[in-house]
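> I'd like to ask some things about the structure below.
The values are calculated or read from the model by the stated rules, or taken from the named source; none is laboratory data. Here the structure is a predicted model, which is why all the values come from computation and not from measurement. Virtual Cβ from ideal backbone geometry, glycine too; neighbours counted across all protein chains shown. With ligands, DNA and RNA removed, areas are computed over all heavy atoms of the protein, side chains included. Shrake-Rupley method; radii C 1.70, N 1.55, O 1.52, S 1.80 Å.
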Amino acid sequence: MSQPSPRRALTEGPVGSQLIRLTLPMIWGIFAVMAIELADAYFVGQLGTLELAAMSFTFPVTMVLSNLAIGLGVGASSVIARAIGEGNPQRVQRLTTNSLFLSLLIVVVCVLFGFLTLDPLFTALGAEPDILPLIREYMHIWYLGMVFLVVPMVGNTAIRAAGNSEIPSLIMTLAAITNIGLNPLLIFGLGGFPRLELQGAALATVAARALSLVLALLFLHFRQHMLSLFLPTWEDVRGCWSRILHVGLPAAGTNMVIPISAGIITSLMAGFGPEAVAGFGVASRLELLSLSALAALSTSVAPFIGQNWGAKRYQRVQESLRLSFFFCLGWGILMTVLLGLGSTTIAAQFDSNPEVIEVTASYLRIVPLSYAGTGLLLTVSAAFNALGKPLAAVILSLTRMFLVYIPLAYVGSQWIGVNGVFLAACIANWGVGLGAVWWSRRSEQFRPPILVEQPLSG
């Protein structure tokens, strides 16, 4: 009996319309997820600057593990999208199911490692002894709930690989509503709930992610028919994992470079006091929200390029990149204006401490000047990953962080202070972003094996 096809063709119709259809729902979905980070910072900030600083110390670590999940999803999406473009539903089922098993295995390893290294890791990041107990309260729960973070992320990328961005966005939105709704109840003990403070923030996140896990698995199985209920052979599992990890491991490494470097920058900020760490933590969460449209675009570009490359629609790949670059420039200008004008007002919503406000506001006045460059980098990296060529994305990310940003941030912090760190981010974002565009235009990896002249509209 033939299997239902999960395909929603991205190989037909106007390129711009397809990208808009994919990206708009994802903007909302990613915005909702980033709103969770902001809500956490807002409610925890009401507990005090010390609690906010403790959560800021956890941010690079939680983002490292989140980006590991995103990387696995990128690997799964790359191979699944190309299988869909080739019209192979049985292979799609095997790849999807095995990617979920792989993510579960990696969760177990990460949780064990996280518990064993908790105190040494955060001490190395610059956390003082009075902050470590607060960090433990949060991370013990967060680690135990990590399965609810990783597996649904991989599941949602599989759904997007089939050309459906609406359902992942809906799942992400429902998770955000659940998390934000539970935050005040569990943190402050409202509505008959116990007052759990930082533990409450962690529990709210775990509960929301558990909901997204259930919804993603139900949709994958009953609507998209992308899960296999048959026990695979070890050879089949090993082959699928190899193809997924070929892209997924470099993509995870690429994505983890950002939070790892954020941890290094957090340790630099710790030298200016807990107020600087708290302000940097708030600004980092605001940045994630501000970049949601660019993250959504890069997430949408990947399955679009994957399907069209698999279907040999090479002109559509080039057109999608051109349109994406223009969007990155426009969004970067918009965020620069909005965040620059409202920097102090926005910062004051999270903490009343003047030093925290000043650090946050300074970040919002300086770093958004380079968001367009960040968007260019995200788009080109997603395109390389979609083609199953992850090494280029790794090189771009490593160059941005370890060859440009961190060295300049160290020098800037010594010469200028906190603002020197922020100026370093600007230089790194623009320099490597423009370099990524140049590379994509010159790279052999974007040249099709056989150029087939086809109309863009399909």
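> All but one of (1) under 27 Å from ALA158 (Cα atoms); (2) among the hydroxyl-bearing types (Ser, Thr, Tyr); (3) crowded, with 24+ Cβ neighbours inside 10 Å hold for TYR138; which doesn't?
(1)
> Just one of SER352, SER343 is outside any loop (DSSP other than H, G, I, E, B) and of a type in the set (Gly, Ala, Ser); which is it? Spell out the reasoning first.
Working: SER352 fails: outside any loop (DSSP other than H, G, I, E, B).
The match here is SER343.
> Among the residues of the range 222-233, is there at least one that is under 30 Å from ILE366 (Cβ atoms) and part of a helix (DSSP H, G or I)?
Restricting attention to the range 222-233, the residues satisfying the condition of being under 30 Å from ILE366 (Cβ atoms) are none.
There is no residue in the range 222-233 that is under 30 Å from ILE366 (Cβ atoms) and part of a helix (DSSP H, G or I).
> Look through the range 205-235, keep the residues that are of a type in the set (Ser, Thr, Tyr) and more than 25 Å from THR62 (Cβ to Cβ), and return whichever of them is surrounded by the most Cβ atoms within 10 Å (Cβ to Cβ).
Within the range 205-235, the first condition is being of a type in the set (Ser, Thr, Tyr), and the residues that meet it are 205, 212, 228, 233.
Now drop any that are not more than 25 Å from THR62 (Cβ to Cβ), which leaves 228, 233.
Working: SER228: 18, THR233: 9.
Taking the candidates together, the pick is SER228.
> Also, quick follow-up: If a residue has to be in contact with a Lys or Arg (Cβ under 9 Å, 6 or more places away or on another chain) and of a type in the set (Phe, Trp, Tyr) to count, how many in the range 48-101 make the cut?
1
> Looking at the range 341-357 only, could you name the residues that are within 11 Å of GLY45 (Cα to Cα) and of a type in the set (D, E, K, R)? Please lay out each step first, then the result.
Initially, the range 341-357 is screened for residues within 11 Å of GLY45 (Cα to Cα), giving 348-353, 356.
Selection gives ASP351 alone.
> Please name all residue pairs, on different chains or six or more residues apart, with Cβ atoms under 9 Å, provided the first residue is in the range 23-47 and is within 25 Å of SER352 (Cα to Cα) and the second residue is among the basic types (Lys, Arg) and open to solvent by less than 40 Å² (accessible area, probe 1.4 Å).
MET34/ARG285; GLU37/ARG285; LEU38/ARG285; ASP40/ARG285; ALA41/ARG285
> Now a separate question. If you take the residues in the range 14-34 that are of a type in the set (Gly, Ala, Ser) and open to solvent by less than 20 Å² (accessible area, probe 1.4 Å), which one is modelled with the highest pLDDT? Don't jump to the end; show me each part of the working.
Narrowing the range 14-34 to residues of a type in the set (Gly, Ala, Ser): 16-17, 29, 32.
Pick out the ones that are also open to solvent by less than 20 Å² (accessible area, probe 1.4 Å) and you get 29, 32.
Numbers: GLY29: 71, ALA32: 76.
The selected residue is ALA32.
> Here's something else I'd like to know. Taking the stated definitions as given, is GLU275 open to solvent by 20 Å² or more (accessible area, probe 1.4 Å) and touching an Asp or Glu at 6+ places or on another chain (Cβ under 6 Å)? Don't jump to the end; show me each part of the working.
Values: open to solvent by 20 Å² or more (accessible area, probe 1.4 Å): yes; touching an Asp or Glu at 6+ places or on another chain (Cβ under 6 Å): yes.
So GLU275 fits the description; yes.
> Which condition breaks for ASN385 when tested against (1) modelled with pLDDT under 90; (2) surrounded by fewer than 23 Cβ atoms within 10 Å (Cβ to Cβ)?
(2)
> While we're looking at this one, here's another question. Scan (1) surrounded by fewer than 24 Cβ atoms within 10 Å (Cβ to Cβ); (2) touching a residue at least 24 places away in the same chain (Cβ under 8 Å) for the single condition SER56 breaks and write down its number.
Every condition holds for SER56 apart from (1).
> Out of all the residues in the range 194-243, which are among the small types (Gly, Ala, Ser) and touching a residue at least 24 places away in the same chain (Cβ under 8 Å)?
Start the filter on the range 194-243 by keeping residues that are among the small types (Gly, Ala, Ser), which leaves 200-202, 204, 207-208, 210, 212, 216, 228, 239, 242.
Of everything in the range 194-243, those that are among the small types (Gly, Ala, Ser) and touching a residue at least 24 places away in the same chain (Cβ under 8 Å) turn out to be ALA201, ALA202, ALA204, ALA207, ALA208, ALA210, SER212, ALA216, SER228.
> Give the range 117-133 a look and list any residue that's assigned to a helix (DSSP H, G or I) and either open to solvent by less than 10 Å² (accessible area, probe 1.4 Å) or touching a Phe, Trp or Tyr at 6+ places or on another chain (Cβ under 9 Å) (or both), or say none.
First, the residues of the range 117-133 that are assigned to a helix (DSSP H, G or I): 118-124, 132-133.
Scanning the range 117-133 gives LEU118, PHE122, LEU132.
> For LEU456, work out the one condition from (1) surrounded by 14 or more Cβ atoms within 10 Å (Cβ to Cβ); (2) over 24 Å from the mean Cα position of the chain (by Cα); (3) at pLDDT 85 or above it doesn't fulfil.
(3)
> Another question, if that's okay. For LEU104, work out the one condition from (1) at pLDDT below 90; (2) buried (at least 19 other Cβ atoms within 10 Å of the Cβ) it doesn't fulfil.
For LEU104, the failing item is (2).
> Picking from LEU288, LEU369, LEU329, which residue would you name as being open to solvent by 10 Å² or more (accessible area, probe 1.4 Å), touching an Asp or Glu at 6+ places or on another chain (Cβ under 7 Å) and within 26 Å of GLY29 (Cα to Cα)?
Numbers: LEU369 fails: touching an Asp or Glu at 6+ places or on another chain (Cβ under 7 Å); LEU329 fails: touching an Asp or Glu at 6+ places or on another chain (Cβ under 7 Å).
None of the others qualify; the one that does is LEU288.
> Still on this structure: THR233: at pLDDT 80 or above and not hydrophobic (A, V, I, L, M, F, W, C), yes or no?
Details: at pLDDT 80 or above: no; not hydrophobic (A, V, I, L, M, F, W, C): yes.
Against the criterion (at pLDDT 80 or above and not hydrophobic (A, V, I, L, M, F, W, C)), THR233 does not qualify.
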